[in-house]
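**Q** After the structure tokens below, expect a handful of questions from me.
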Amino acid sequence: MNEITITIDGRTVQTQEGEYILNAARANGIFIPAICYLTRCSPTLACRICLVEADGKQVYACNAKAKQGMEITTTTPNIESERRAIMEVYDVNHPLECGVCDQSGECELQNYTLEMGVDQQTYAIKDTHKPAQDWGLIHYDPALCIMCERCITVCKDMIGDAALSTVARGSDPIEAAFKESMPKDAYAMWNKLNKSLISPNAGDTLDCTNCGECTSVCPVGALVSSDYQYTSNAWEHKQIPATCAHCSAGCQLSYDIKHTSVENPESKIYRVKNEWNYVSLCGAGRYGYDFENKNVTKDAVAFDAAIAAFKQADTIAFTSTITNEEALILQRLKEKFGYRLINEEARAFKSFLNAYSAVSGTSLYGGDLGEVHASDFVVSIGSALKTDNPNARFAMNNALSMNKGAGLYFHPINDPVIAGMSKSVTQFNHAPMMEEAALYLILDLFADKAAMPSSVSEYLAGFHSTKTVTVEETVDEKVTETVVKKVLNEETGVEEEVSEEVTKTVKKKVSKEVEVDENALFALLNAPAGFSDTLTKYLAKKERFSLMVGPDLYTHPNASNCARLVALIEKYTQFSVTMIPNLSNTLGVAMICDLDSERGSYTIGYNTAGNFTLSALGGGDLDMPALNQQEGTLTNIDKRVNPTNAALSFSGYVLNDIANALGLSSKYTVDYTAQLPKQAGFKATCFDALPNHYTNSGEEVRGYRLDIQTVTVDTDENVTPFDADKAINENVVYLANPVLQFSPFTAASHQLQENGGLYVSKTFMESNSWNEGDRVNVKTARGELSLNVIADGKIEGDIAYLPTFDTAINSEALFDGYRFACVSIQKV
Amino acid sequence: MHHEEVFTDRNVSEHSAYYYVDIENYPVTGWDKFKQVVKRAAKGELFVGLWVVMREMIKFDIHTVQYPKEKLPIGPRYRAVHKLLRLWESGYERCIGCGLCEKICISDCIRMDTRIDENSRKEVTEYSINLGRCIFCGYCAEVCPELAIVHGGRYENGSEQRAHFVIKDDMLTPLDLLTAGEQSEYPGFGAIIPGSDASVKKTPLAY
Ligand code: SF4
Ligand code: SF4
Ligand code: SF4
Ligand code: SF4
Ligand code: SF4
Ligand code: FES
């Protein structure tokens, strides 16, 4: 892309060739009215209010691309009359509900109506009856809907559920006279608006992954959160900028707080908002906000007991739902008192990173989700993408839909949501333990074989064979026929029969023997039939390649071999590599803490079981603040150190109090922010200096990025072959969470409260003739659990999974590290 | 010596009973003050006062108001403790919970709880005004789009504490009083301006 110069209203503006005029204007602080356009999604031309004049021609700023030297005028008398008419049309029959509407002053319809100076109505049409609809977490009021289609667009181009579409409104046609009298674009807009309404594809109610992003982008009060409805006015809230605490995407969001009620002046979080043009939240972030540790006071007795416990303990076990600062406190305590730090999931990730670094020579992977968004060929290996890191799924979907991209998804569990993202995505539902084969396949298909270590190239060559196959081909064949024609003999005047030879071309099917290359890896990975042809189609005109690898690899019995293969891919293919850290701050913990593998005799558990437990979930021996009650930083998948702020107060003791009582000295937890380890890539920036916002051009100005360090590499790049016999072919159980859940913290929020169980696909449930709620015994080599069966409509196939979000179910005990295990399930 | 003040352009009649009271100059020097004390003490002015009280008492024709038994009528536009009105016909609460009163209040003393009710309407479950902070400016009544919150005539709001509240129950017209026709429209801030109808532009209806 080339830098070009254009002029908007006489101002010279630099932008990229091919950038939409609207985005170029916004990036430079020039206002062009626009309703239906969503940054990062495709223009729909529903509103037509973004009309501008470019080189004397009227165009839509949201879909006209900037060209070198373009002269743009944002208003002309004609455009002004169009815009005014468009706003009048939007106001036709719009209910006078602003007084109670949840958009309360954040309404784009109100704003533009005032902006265009609409003070009277010229148009009219008979209204239709449009009752409000309850879609579960979401409420739709079609009477308020202006049919900008932003909800449909975001759901398709960004989220990937494509759960919404338009249905007929059933209204009268617009009076013919208006066609002549109205401005042209306003009429066209009205004509379209008058035909349709929004409806879930699934019929009466919404069947999707419930991200709630449609409610976020809705410019009016048509789509709102059912729980929030009529509880507050937008202006009453104080917005606390924060970082989502639930997964490693670390999305920026704001907690909207106000007093609980007339009676109770304590702050309460009413909802979560996001900068929807630049960041999309999943439902856990949007609805799982009230996971705070409630009603905690300073319990001096418990605190003294905690200090005594720390003096007695030799081990601290913790999870990765803590801030970088807390992780540093734990590391300092370890340095001072020699505690063993136990966090299995972060330790697995850390060893994976180290094994990767030994080949790649860099401390961290090179890619990030921004790179995935920009790619046109995306591969995911070893992650249940939609639940491990919803934003990674959004990034993949966005790349597929916006960049005419294609993708490969390697995972044992068939995911209908992934399949629904695009026609150009292929799922490899390979057997567990075949992840290495998937990595080898990427090397085989994309690596520069000449540059790669010859042992690997030779190993890969071993999977290829030439096979003679019979293919049917259609060929053109010339056939000569004798036809008898009647010709009039001119001399005699009599018709005579004459034989004549004619040559015709006919299509004929012939069988032909051809030699084709057969890739044994395809079959080993259960590739769909005809995949090699599909792949050729996928790869046409592809330029940017991204690979995402996930937690299945970190806990894989051959994790370090997987890591080395990932490093080889990064080195010898065009793929940029992004690793999905398991939990919110797994990457931060891995970079800050030296983790141990063996517990000692007395364990302090922080948000996990121990002889003495510190818990932000309540119910422990000493209460700790949850992540919405703390300030600090979290390190996300993009290797970004993001600040988060306390939305709610916490009156108990924090980890820093314990550390101070034990001899460390720091007034506030965030005093540790500037001390985060430099050698791991952190910067000596203090907490208050960390920014947390997006600019108008979409640039993410949040915290800072970890510096990638150079690491000494191993002398060889050897990788070991995989063993196809290790594949677990049937009776498999997986360790994962259902959509909307990540940890006990998501389940603690009032909208997402649920009990876990054994999750199975609907078909699996039917084939076993189980019913929702049936009790089953789930038994693996390591243990047994008795659970309820729960149907998950968002998976297919025969693999069941066990959740980690429900503290009543100790699923981890059934697994030997690796996320898959052999299982026997008996109905009781 | 009485002299009439010349009022210019004020809504007070010509025959107004306003006049300036002649007051002797206050004594300044110590000697003058001493003389005043002696003069007053010797004159028996105290008994004059006592006599007046005695005389009025036995006449049984007192002109003071017997507060709190008796209260002076108060102007309809007086801005005392708020009332929440009901719709005349249906008896529904007028307040729709739009929150404008809460927003405009310069003392930040209004709070309300709202929710979605069974009929999908916004319901105001509680409404409170901290009278200790309220400056009775009338903005809330003026901004209210529903003529729901108005000022009433209840001016007694002495309390033991700086912060004291009226809640929805205190302010809302009880249904029996509504039926008895005891609810009255408020003519003060926020009331409909005479001739409002004429200034409203009507939306064209094609059917
Ligand atoms: S959507 Fe906007 S214009 Fe419509 S009622 Fe709500 S606030 Fe008013
Ligand atoms: S529901 Fe909202 S976002 Fe969707 S079309 Fe209507 S106004 Fe637009
Ligand atoms: S859970 Fe993850 S993807 Fe969802 S909002 Fe939070 S950080 Fe973003
Ligand atoms: S009178 Fe003024 S200060 Fe009192 S409640 Fe109304 S707006 Fe607030
Ligand atoms: S302004 Fe009127 S209608 Fe709105 S909340 Fe206040 S009292 Fe209710
Ligand atoms: S923003 Fe361009 S047509 Fe709506």
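The values are calculated or read from the model by the stated rules, or taken from the named source; none is laboratory data. This structure is a prediction, so every number in the text was calculated from the model and none was measured. With ideal geometry, Cβ positions are generated from the backbone for all residues, glycine too; neighbour counts draw on all protein chains shown. SASA here: full protein model, heavy atoms, side chains in, ligands and nucleic acids out. Shrake-Rupley method; radii C 1.70, N 1.55, O 1.52, S 1.80 Å.
**Q** May I ask you to give the average projected area over all directions of the convex hull of the Cα atoms of the protein assembly as shown, in nm² rounded to one decimal?
**A** Details: hull surface 295.3 nm².
It is 73.8 nm².
**Q** Lys/Arg Cβ at +1, Asp/Glu Cβ at -1, dipole of chain A taken about the Cα centre: which of A:A616, A:I708, A:V760 is farthest positive-ward?
**A** So the residue furthest toward the plus end is A:A616.
**Q** Which whole-number percent gives the relative contact order of the stretch A:728-827, counting Cα pairs below 8 Å spaced six or more residues apart?
**A** Working: 204 pairs, mean separation 42.8, N = 100.
In percent, rounded to a whole number, it is 43.
**Q** Let me ask you something else. How long is the gain from A:H464 to A:K827 if the chain were fully straight, where each residue apart is worth 0.36 nm and the alpha carbon distance is subtracted?
**A** Numbers: separation 363, 0.36 × 363 = 130.68 nm, distance 4.46 nm.
Result: 126.2 nm gained on full extension.
**Q** Of the accessible area of the stretch B:12-59, with the probe set at 1.4 angstrom, what percent is carbon plus sulfur? Intermediate results must be reported in sequence, preceding the final value.
**A** Numbers: 3200 of 4850 Å².
Answer for the stretch B:12-59 is 66 percent, counting heavy atoms of protein chains only.
**Q** I'd like the residues of the stretch B:120-144 whose 1.4 Å-probe accessible area shrinks by no less than 10 Å² going from the isolated chain to the full set of protein chains.
**A** By number: B:S120, B:K122, B:E126, B:S128.
**Q** Taking amide H positions as placed 1.01 Å from N in the peptide plane, with prolines and chain starts having none, which residues 5 or more places from A:L51, or on another chain, fall under 5 Å of its amide H?
**A** Close amide H contacts, sequence-distant or interchain: A:A61.
**Q** Could you work out how far apart the two model spin labels at A:E80 and A:K65 are, taking each label as a point 7 Å from the Cα in the direction of the beta carbon, and quote it in nm?
**A** So the label points at A:E80 and A:K65 sit 3.3 nm apart.
**Q** Keeping all protein chains in place and using 1.4 angstrom, which order do A:V828, A:V776 fall into by accessible surface area, from largest down? Don't jump to the answer; show the numbers that get you there.
**A** Numbers: A:V828 105, A:V776 0 Å².
My answer, sorted largest first, is A:V828, A:V776.
**Q** Here's a follow-up. Would you please state which residues of the stretch A:628-664 a label at A:R705 would reach in this model, taking the label point 7 Å out along Cα→Cβ and a backbone N cut-off of under 17 Å?
**A** Zone members listed by number: A:635-643.
**Q** Something else now. Dipole size in debye (nearest 20) for the stretch A:673-810 around its Cα centre, Lys and Arg Cβ +1, Asp and Glu Cβ -1?
**A** Details: 10 positive and 19 negative charges, 104 e Å.
Here the size comes out at about 500 debye.
**Q** Fully extended, how many nm does the chain gain between A:N111 and A:Y602 (0.36 nm per residue separation, minus their Cα-Cα distance)? Write out the running numbers ahead of the final one.
**A** Values: separation 491, 0.36 × 491 = 176.76 nm, distance 6.15 nm.
Computed gain between A:N111 and A:Y602 is 170.6 nm.
**Q** Counting Lys and Arg as +1 and Asp and Glu as -1, each charge on the Cβ, what is the dipole of the protein assembly as shown about the Cα centre in debye, to the nearest 20?
**A** The dipole magnitude comes to about 2540 debye.
**Q** Another one. Just to confirm my numbers, what's the Cα centroid distance between the stretch B:143-207 and the stretch A:104-178 in Å?
**A** What the calculation gives is 34 Å, centre to centre.
**Q** As an exercise, identify the trypsin sites (Lys or Arg not before Pro) in the stretch A:504-555 lying in DSSP coil whose Cβ has no more than 11 other Cβ atoms within 10 Å. Spell out each step's value before the answer.
**A** Working: sites: A:K504, A:K507, A:K508, A:K509, A:K512, A:K537, A:K541, A:K542, A:R544; in loops: A:K541, A:K542, A:R544.
Passing sites in the stretch A:504-555 are A:K541.
**Q** If you don't mind, another one. Check the straight Cα-Cα distances from A:K537 and name the lysines below 18 Å, setting aside those fewer than 8 residues away within the same chain.
**A** A:K404, A:K423
**Q** When the chain is fully extended, how far beyond the present Cα-Cα distance does A:K273 get from A:D723, taking 0.36 nm per residue of separation? Please list the in-between numbers first.
**A** On the way: separation 450, 0.36 × 450 = 162.00 nm, distance 4.78 nm.
Going from the current span to full extension adds 157.2 nm.
**Q** Only protein chains counted, 1.4 angstrom probe. Which residues of the stretch B:77-109 are at least 20 Å² less accessible in the assembly than when their chain is isolated?
**A** Buried on complex formation: B:I96, B:C98, B:E102, B:K103.
**Q** Determine the total buried accessible area between chain B and chain A, counting protein heavy atoms only with a 1.4 Å probe; round to the nearest 100 Å².
**A** Rounded to the nearest hundred, the buried surface is 1900 Å².
**Q** Still on this structure: With r defined as the distance between the Cβ atoms of B:A80 and B:T125 and R0 fixed at 25 Å, what FRET efficiency is calculated, to the nearest 0.05?
**A** Details: r = 25 Å, r/R0 = 1.01.
After rounding to 0.05, the efficiency reads 0.50.
**Q** Hey, with R₀ at 30 Å, roughly what FRET efficiency would B:F34 and B:M54 work out to, going by the Cβ-Cβ distance, to 0.05?
**A** Approximately 0.45, to the nearest 0.05.
**Q** Continuing with this model, one more query. Using alpha-carbon pairs under 8 Å, 6+ residues apart, how would you state the relative contact order of chain A in percent? The partial results should precede the final answer.
**A** Working: 1816 pairs, mean separation 116.4, N = 828.
Reported relative contact order: 14 percent.
**Q** Could you tell me which of the pairs A:K449/A:K542; A:K334/A:K667; B:K71/B:K103 are separated by over 24 angstrom between their Cα atoms in the structure shown? Walk me through the numbers before you get to the answer.
**A** Numbers: A:K449/A:K542 19 Å; A:K334/A:K667 20 Å; B:K71/B:K103 34 Å.
Pairs exceeding 24 Å: B:K71/B:K103.
**Q** Restrict the search to the stretch A:752-828; then list the trypsin sites (Lys or Arg not before Pro) that DSSP places in a loop and that have at most 16 other Cβ atoms within 10 Å of their Cβ. Don't skip to the answer; put the middle values down first.
**A** Numbers: sites: A:K762, A:R775, A:K779, A:R782, A:K794, A:R819, A:K827; in loops: A:R782, A:K794, A:R819.
Loop-located and lightly packed - A:R782.
**Q** Could you name every residue in the stretch A:216-232 that has 40 Å² or more less accessible surface in the full protein assembly than in its own chain alone (probe 1.4 Å, ligands and nucleic acids excluded)?
**A** At a threshold of 40 Å² (probe 1.4 Å), the residues of the stretch A:216-232 that become less exposed are A:Y230.
**Q** Filter the GluC sites (Glu not before Pro) in the stretch A:522-617 to those in DSSP coil with at most 16 other Cβ atoms within 10 Å of their Cβ, and list the result. Spell out each step's value before the answer.
**A** Details: sites: A:E543, A:E570, A:E598; in loops: A:E543, A:E598.
Loop-located and lightly packed - A:E543, A:E598.
**Q** Roughly how many debye, to the nearest 20, is the charge dipole of the stretch A:592-653 about its Cα centre, given +1 on each Lys and Arg Cβ, -1 on each Asp and Glu Cβ, and no other charges?
**A** On the way: 3 positive and 7 negative charges, 35 e Å.
Charge dipole of the stretch A:592-653: 160 debye, to the nearest 20.
**Q** Kindly provide log₁₀ I(q)/I(0) values, in the same order as q = 0.15, 0.17, 0.22 Å⁻¹, from the Debye equation applied to equal alpha-carbon scatterers of the stretch A:728-827.
**A** After summing over all Cα pairs, the log10 values are -0.55, -0.71, -1.19.
**Q** Would you rank A:D476, A:D290 by solvent-accessible area, highest first, keeping every protein chain in place and using a 1.4 Å probe? Provide the component values of the computation, followed by the final result.
**A** Numbers: A:D476 100, A:D290 20 Å².
The residues order as A:D476, A:D290, largest area first.
**Q** Okay, moving on. Test of understanding: given chain B, find the longest segment containing no trypsin sites (Lys or Arg not before Pro) that are in a DSSP loop and have at most 11 other Cβ atoms within 10 Å. Intermediate values should be presented prior to the final figure.
**A** Details: sites that count: B:R10, B:K69, B:R162, B:K201, B:K202.
The longest such stretch corresponds to B:70-161.
**Q** With labels modelled as points extended 7 Å from the Cα through the Cβ direction, what inter-label distance (nm, one decimal) is found for A:K486 paired with A:N295?
**A** 10.5
**Q** Once neighbouring chains are kept in place and the probe is 1.4 Å, which whole percent of the accessible area of chain A is contributed by carbon and sulfur?
**A** Values: 16040 of 33840 Å².
Reported share for carbon and sulfur atoms: 47 percent.
**Q** Okay, moving on. Find the accessible area per residue for the stretch A:450-589; the probe is 1.4 Å, ligands and nucleic acids are left out, and the unit is Å².
**A** Accessible surface, normalised per residue, equals 57 Å².
**Q** Now for a different question. How big is the antiparallel share of DSSP beta bridges in the stretch A:355-579, given as a percent to the nearest 5? Kindly include the intermediate steps, with their values, before the conclusion.
**A** Working: 25 of 44 bridges.
Bridges in the stretch A:355-579 are about 55 percent antiparallel.
**Q** Right, another one. Could you do me a favour and compute the accessible area per residue for chain B, 1.4 Å probe, result in Å²?
**A** On the way: 15970 Å² over 207 residues.
Each residue of chain B exposes 77 Å² on average to a 1.4 Å probe.
**Q** Suppose R0 equals 35 Å. What FRET efficiency, 1/(1 + (r/R0)^6) with r the Cβ-Cβ distance, do A:E472 and A:A419 give to the nearest 0.05? Mind dumping the intermediate values first?
**A** Numbers: r = 29 Å, r/R0 = 0.83.
Efficiency computed from Cβ-Cβ geometry: 0.75.
**Q** Which one of B:G75, B:G97, B:V53 has its Cα pushed farthest toward the positive end of the charge dipole of the stretch B:45-103, where Lys and Arg give +1 and Asp and Glu give -1 at the Cβ?
**A** Checked the options; the winner is B:G97.
**Q** Continuing with the same structure: Of A:G99, A:L439, A:T669, which is farthest along the charge dipole of chain A in the positive direction, counting Lys and Arg as +1 and Asp and Glu as -1 at C-beta?
**A** Projecting each Cα onto the dipole axis, the largest value belongs to A:T669.
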